[in-house]
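*Asks:* Here you go, one structure.
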Amino acid sequence: MVAQATRNAFRASPLILTALLIAVTALATSQPEHISLDPGSTDNTPHWRVISADAASLRLEFTLGALGAEDISAGGETWQSLVIEGGTVQGDEGAPGLPTAGRLVAVPAGASVFGRVIGFETVSLPSTRLYPIQPGRDEAFAVDRDAYARAGWRRLDVPAAKTAAVAADPTAPVVLIGEPAIMAGQTVVPVTVSPLAYDAVSREGVAARTIEIELTFAGGATPASARPVAASFDTWLRGNASGYDALRAGKSATGAALPGTYALVRHGDAAITSRTAALEDWRRRQGYHVEIVDVDVVGNNTSSIKSALQTIYDDTSIPPLEFVTLVGDEDGTYGVDTWIETLSGYNGPGDHYYVTLDGGDILADAHVGRLSFSTLDELDTMVAKIVGYEQTPPMGDTSWYGSASLQGDPSASGITTVYVNRWLKGHLEALGWAHVDTTWSGNFAGAFTATVGQGRSLYGYRGYLGMSGIGTSTIHNLNNGGELPVAILPTCDTGTFTQGECRAEAWLRAPNGGGIAAVGTATQGTHTRYNNCYYHGIWNGLLYNADHRVGVAHSLGKIELYNNYQVAEPARVEIWSTWNSLMGDPATDPWLGVPVALSVDHPASLSTGATAVPVTVTSGGSPAAGLVVCVYRDGAFQVSALTDASGAAVLSVPSLAAGTMLVTVGGHGYLPYLGSLGVGAFDVFCGL
């Protein structure tokens, strides 16, 4: 059945701006609108529901209440951009842009996947002149006049060698099924839905508001490894990969959200080991299983380092590999080698390939970051920043925890650099952030120093090559002390760390402030569409994912690229996944609010021979559930558990010998508790 859609003006939602910024490198714009596909709906977020799932097939329902819409003036004409929240637009350069949405679907290991559309419901759209796909950056407005003069229904072209589900009806939606890939041990396929058919001559459109898709499974894909899914991936997959819950039914999450394995890749020189010891000890206290990859032993080249990481990843006797931290710049006395992608022609550097460890695909199977230093003093600064930020953040003036600085310069990369930051500001304010500074024009460097220099928790920049006059020296000269932001700046050349110091490196190196972590993009060949897509994904992960650690958010930015572009533009996904590099420790959990204090009760001492440590945790007089408790004795044992609904955890330990053990309690948003207890000869001991 075909119904009639309605178009209405409305107050711009941050969600609709999200999709518009990915779709448009626009010129002049009007007030955003929506086109209701379901009567009265303004919800342009796609909804995915598993109808049924078994070992042979999965039925998936896609529903869409509305399309985001905006009038755009370009080339002396007025156009309309139609978008789906979290999606993108696809098509040939200069041709009408068709909105799409992507989703990962979890499938059985070893399966090849085939799909078909088995039902859909469409609505006709008001007269629409679709905005053409643009080349990006500051290039001239592009329009393919032949494409707009071609009569007949146009749907998304099906890429060669892709399994597609296309109904015979020329106005039916198109569903593309990508190749199986493996994410941290779980096989997934990307599904792309293009709900719109369009006739450029008549300016008519037909959009699907519901689509029922059937996926069927057969043997033939690369089998997944036997390793369990790490907790950070398990958390995300449960909420964002259709079919995952059904596949995991009856299987417990690995370590029940306990820390996994943390691999530190560094030189074995005493000058390095003495400086990273505090970070290694802190990660062990938190409950991470720490593995050291000594590049002086395994070889300081990408293949040898990846081989060592692969061995750790494949070892099922230890917790799943979750974080990889490279210690060193890519060259110099203490350098650690990096990769160079060869797809773009720009030869951009990046560390992403170090964590593509399962399935031979481009998806990350662990979270990676780099502590890039050029002097030993800089390494001292970095370790002190990370440990201090995580253990004892500044609590004198707590206003910096609810503050952010966002800058968008449209002068060369278009209005979407502003839109993306307006979207981010709207979400921060909805989350209760009291102070969000914005700069859209004028003296960007001066505004940067004036705001970030006062202390901010987050900093975001979208703009163009040169970062609007904000150089590495501007970052080094910040005096914000320990009030350190996470900085996200996916813009040309902000992450080219193989050609001197890049802006992303400067944040953690800065001696009197700077930031706790930063992401920049390598090369001068970046593109607004893909930069914005990553920017949306990392911020969405940092703010809304249940696991807020910066390395996890970085991986989710890359997954956003995969969801939107893998089926049609896989090379772009690989390039941008490589070019975007995290300079910082991927296991850092950022402060997104004022830290909350904990009250922890445990014995001050235990008798030798005791085999259990009882711990109770409260906050503000109420039980604190779901926090990680770790008891640790260097060289002897490390045991972790989660607090239950009553705030209690009882940790079973080996029969205790005399000495001291460390007790650590932590969780997102809580000031960590660092305590200890003694073990000696007493008349009474606690045992199980």
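*Asks:* Please give the contour-minus-distance gain from residue 450 to residue 201: 0.36 nm per residue of separation, less the Cα-Cα distance, rounded to one decimal in nm.
*Replies:* Value of the extension gain: 84.4 nm.
*Asks:* To the nearest 20 debye, what charge dipole does the chain have about its Cα centre, counting +1 at the Cβ of each Lys and Arg and -1 at the Cβ of each Asp and Glu?
*Replies:* 980
*Asks:* Obtain the nm distance between the two label points defined at residue 331 and residue 142 by a simple spin-label model: each point lies 7 Å from its Cα along the Cα-to-C-beta direction.
*Replies:* Modelled inter-label distance: 3.4 nm.
*Asks:* Mean 1/r over all different Cα pairs, inverted: what Kirkwood radius does region 284-355 give, in Å?
*Replies:* Mean inverse Cα-Cα distance, inverted, gives 13.6 Å.
*Asks:* May I ask you to compute the full-extension gain from residue 127 to residue 57, defined as 0.36 nm times their residue separation minus their alpha-carbon distance, rounded to one decimal in nm?
*Replies:* 21.3 nm
*Asks:* Given the C-alpha atoms of the chain, compute the convex hull and give its volume per residue in Å³.
*Replies:* With only Cα atoms used, the chain gives 156 Å³ per residue.
*Asks:* A follow-up question, please. Computed on alpha carbon atoms, what radius of gyration and Dmax characterise region 577-631, expressed in Å?
*Replies:* 17.7, 54
*Asks:* List the extent of the Cα atoms of region 324-426 along each of their three principal axes, largest first, rounded to whole Å.
*Replies:* Over region 324-426, Cα extents along the principal axes are 43, 39, 29 Å.
*Asks:* With unit charges on the beta carbon (Lys/Arg positive, Asp/Glu negative), name the residue among 262, 191, 83 whose Cα is farthest towards the positive pole of the charge dipole of the chain.
*Replies:* Of the candidates, 83 comes out farthest on the positive side.
*Asks:* Using only DSSP helix segments of four residues or longer, with each worth -39500 (n - 2.57), what per-residue ellipticity at 222 nm results for the chain after dividing by its residue count and rounding to 500?
*Replies:* Value at 222 nm, helices only: -7000 deg cm²/dmol.
*Asks:* Let me ask something additional. PRE reach from residue 157 (point 7 Å along Cα→Cβ): which of region 179-217 fall under 20 Å by backbone N?
*Replies:* It comes to 179, 192-201, nothing else.
*Asks:* Moving on to the next point. What is the distance, in nm, between label points placed 7 Å from the Cα along the Cα-to-Cβ direction at residue 637 and at residue 342?
*Replies:* 5.1
*Asks:* Net charge around residue 190, counting only other residues with Cβ within less than 9 Å of its Cβ (Lys, Arg = +1; Asp, Glu = -1)?
*Replies:* Residues close to residue 190 contribute a combined charge of 0.
*Asks:* Alpha carbon centre of region 454-520 versus region 618-688: separation in Å?
*Replies:* So the separation of the two Cα centres works out to 38 Å.
*Asks:* To continue, here is another question. Grab the Cα-Cα distance for residue 596 and residue 380, subtract it from 0.36 nm times how many residues apart they are, and report the gain in nm with one decimal.
*Replies:* 75.0 nm
*Asks:* While we're looking at this one, here's another question. Could you compute the FRET efficiency for residue 441 and residue 246, with r as their C-beta to C-beta distance and R0 at 51 Å, rounded to 0.05?
*Replies:* That pair, residue 441 with residue 246, gives E of 0.50.
*Asks:* Kirkwood hydrodynamic radius for region 57-205: how many Å is it when counted over pairs of different Cα atoms?
*Replies:* About 16.7 Å for region 57-205.
*Asks:* In region 599-680, how does Rg compare with the Kirkwood Rh, expressed as the Rg/Rh ratio over alpha carbon atoms?
*Replies:* 0.96
*Asks:* Grab the other residues whose beta carbon is less than 12 angstrom from that of residue 232, score K and R as +1, D and E as -1, and report the net.
*Replies:* -3
Values quoted throughout were computed directly from the atomic coordinates according to the rules given, and no laboratory measurement underlies them. Here the structure is a predicted model, which is why all the values come from computation and not from measurement. As a convention, Cβ positions derive from the backbone with ideal geometry for all residues, glycine included, and neighbour counts pool all protein chains shown.
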